[in-house]
Amino acid sequence: MSDAGGLPLEKASQHREQYLSLQRDSLRDPESFWAKIASQLVWHEKWNKVLLWDPPFAQWFVGGTLNASENAVDKHVKSWRKNKAAYLWEGENGERRTITYGEFHREVNRLASVFQNFGLRKGDTVAMYMPLVPEFPIAMLACARLGLPFTVVFSGFSATALAERIQDCQAKIVVTADGGYRRGKILELKTVVDDAVKESPSVKHVVVFRRTGHVVPMIEGRDHWWHELMAKASSYVAPVPVESTHLLYILYTSGTTGKPKGVAHSTGGYLVFAYATQEWVFDAKDDDVYWCTADIGWVTGHTYVVFAPLMHGLTSVIYEGALDYPRPDRWWEIVERYRVSILYTAPTAIRSLMRYGDDLPKQHHLDSLRILGSVGEPINPAAWQWYFDVIGHGRCPIVDTWWQTETGGIMISPSPRLGLVQLKAGSATFPLPGVEADVVDEKGNSLPPSEKGFLVIKRPWPGMFMTLYNDPERYRQVYWTRFPALYYPGDYAMRDAEGYFWLLGRADEVIKVAGHRLGTKEVEDALVSHPSVAEAAVAGKPDPIKGETIVAFVMLRKMAIPSNQLSEELKQHVRKMIGPIAIPESIYFARALPKTRSGKIMRRVIKAVAAGGQIGDLSTLEDDASVDEVRQAIEGLQTAEKTT
Ligand code: WTA
């Protein structure tokens, strides 16, 4: 246990009482609580009902209309912040740009005008496949300005995955770039888009931002250079007020089936929650330099690189490239150069930087830092301590923030703004105001301290997703039937004797590889789509840097012969079907996979074998298979031929 990030312990426990009573108050009358925060945003028409709760569907700020880009940019160009930096951008190749709120506003407007000229109207969807450049948030806000729901696809996904997402939401436009830099190489984004669009008839235009300047094929009439379109665009387009429940974006995420889930976020509720949590957790002031290192392709980037910091008029850093390129002190160099005061990153990044030792961060002035954040997976105490001691010099509280794509914003975290509680390495501490969380057993009964169970959220919150796009039944099924009337995020958790929440990883078939969320079933489906594969079972294996890596057990079809070459081919096949982030680290060729009599793969067994750990007492397996069968299958797996 460490002290509360520089606060004397005594004071931190006073804060706990103060914080918890504030938390309790917020739950007494949550609607007035949220309404008060909502009134800090710019609305065209005020809502007439804060919450319409028709379980499991919530509508927040019903009757209210607003515009996200107006809240994120217009608000600031009317104030002194017009000339304040919205983004300090650094390319991997060393290029630098500063974009003020005034400039940002103009670009957002121009791109909105481009979209208008394409004939896009409120409700039409746009897909994005972008490198980390300022044009990425510009494109998101230009969509929001016109009420065009957008979907961002992380640039580590393949053409097949991109096409699947474009088709699901019927995007009419794709915004991309000629490339982006990653470890000194060019990411060929445009060619991926070309392959995806070939199979996506809904797409009428592709807008290409010139980032690298290398030659890319352009299709006459369909593909347009960003700079050429912008040169002809108007510099002002009136923001289109949309209903609070208007779809702001769809973000596809992995679940327990192969098909990605389109998490659908609202405009009003989402923005209010993003606004509130940014303030509570990061406590940013006007003179802060804030750096959330997440890729905008993931939800952390959507909320905490784009919408929330912009609404608060903050100055954010965006860095395009790899964290250790060209040298492993690149991040520390950036912190020093821009005098970053708030750094928000993922445990996997902390662990990989930790691997390079203490000397590199020590060679840089990191004294500008005042708050450190963590997100994406449980942070192990060793990484926490290193972050606290070596990066934060024992002065900066670590806000370990638990949340997910579906929640829209941070749910459980310390709050430096509202009253920092004493920190414990590895605990996200307490739910934020307005959030009621609990830990329950299989039957949904609240568990006493120190017992591991399932995390649940007991009431709606403004940032919650509205539904799964085009699939409300799946929304109900996945999140609301496990425990009736409780939101089930799919995480294990425990509370300690002092009520602190400890998040203990996924309770379902979702794995986190270097913070990237993937479904085992997704990878299995990809493997099985290869002609040599009859069956596949995939599990996460604990990894000291990435948190987890992917291990695949594959049963080949009769004619196929195990070999290193085939293993490599299967990896390339997964890369093609999903993307490089999903490539299994190892593939084992097994004669059989452990299955129940009803034919379901025994995931618990696969996971245990993948982790190389003890399988445990086989007689307690709840699966309907005989112990002997399972034992045989395990032996089969353990002696499976490994290739690398
Ligand atoms: C995990 C990322 C422990 C969790 C914002 C959750 C965490 C999943 C934490 C969502 C944390 C996220 N401690 N686990 N601080 N933050 N997780 O949708 O399992 O990519 O359900 O959203 O990440 O991942 P997603």
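Overview of values
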| item | result |
| --- | --- |
| Order of Ser266, Ser532, Ser234 under a 10 Å beta carbon neighbour criterion, fewest first | Ser234, Ser532, Ser266 |
| Size of charge dipole - the chain - debye, nearest 20, with Cβ of Lys, Arg +1 and Asp, Glu -1, no other charges | 960 debye |
| Of Leu52, Gly262, Gly213, farthest towards positive along the dipole that unit charges on Lys, Arg, Asp, Glu beta carbons give the chain | Gly213 |
| Part-to-part distance (alpha-carbon centres) for region 316-387 and region 43-57, which is given in Å | 40 Å |
| Coil-residue trypsin sites (Lys or Arg not before Pro) of region 313-371, DSSP, other Cβ within 10 Å capped at 16 | Arg339, Arg355 |
| Estimated [θ] at 222 nm from DSSP helical runs (n ≥ 4, -39500 (n - 2.57)) normalised by residues in the chain, nearest 500 | -8000 deg cm²/dmol |
| Karplus-derived 3J(HN,Hα), 6.51/-1.76/1.60, for each residue of region 59-76, Hz, glycine and proline x | 10, 9, 6, 5, x, x, 10, 7, 9, 5, 6, 5, 5, 8, 10, 4, 3, 7 |
| Burial ordering of Asp168, Asp496, Asp287, fewest other beta-carbon atoms within 10 Å first | Asp287, Asp496, Asp168 |
| Extension gain, Val215 back to Ser32 (0.36 nm per residue minus Cα-Cα distance, nm) | 60.3 nm |
| Enclosed volume per residue, in Å³, of the convex hull spanned by Cα atoms of the chain | 154 Å³ |
| Fewest-first sequence of Met311, Met411 by Cβ atoms within 10 Å of each Cβ | Met311, Met411 |
| Rg over Rh, two decimals, region 377-434 (C-alpha only, Kirkwood Rh) | 0.98 |
| Gain upon complete extension [Ser235, Thr98; 0.36 nm per residue less C-alpha separation] | 47.4 nm |
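Read-outs throughout are calculated quantities, based only on the coordinates presented, and are distinct from any laboratory measurement. Just so you know, these numbers come straight off a predicted model, no measurement behind them. Cβ: placed from backbone, ideal geometry, glycine included. Neighbour counts: every protein chain shown.
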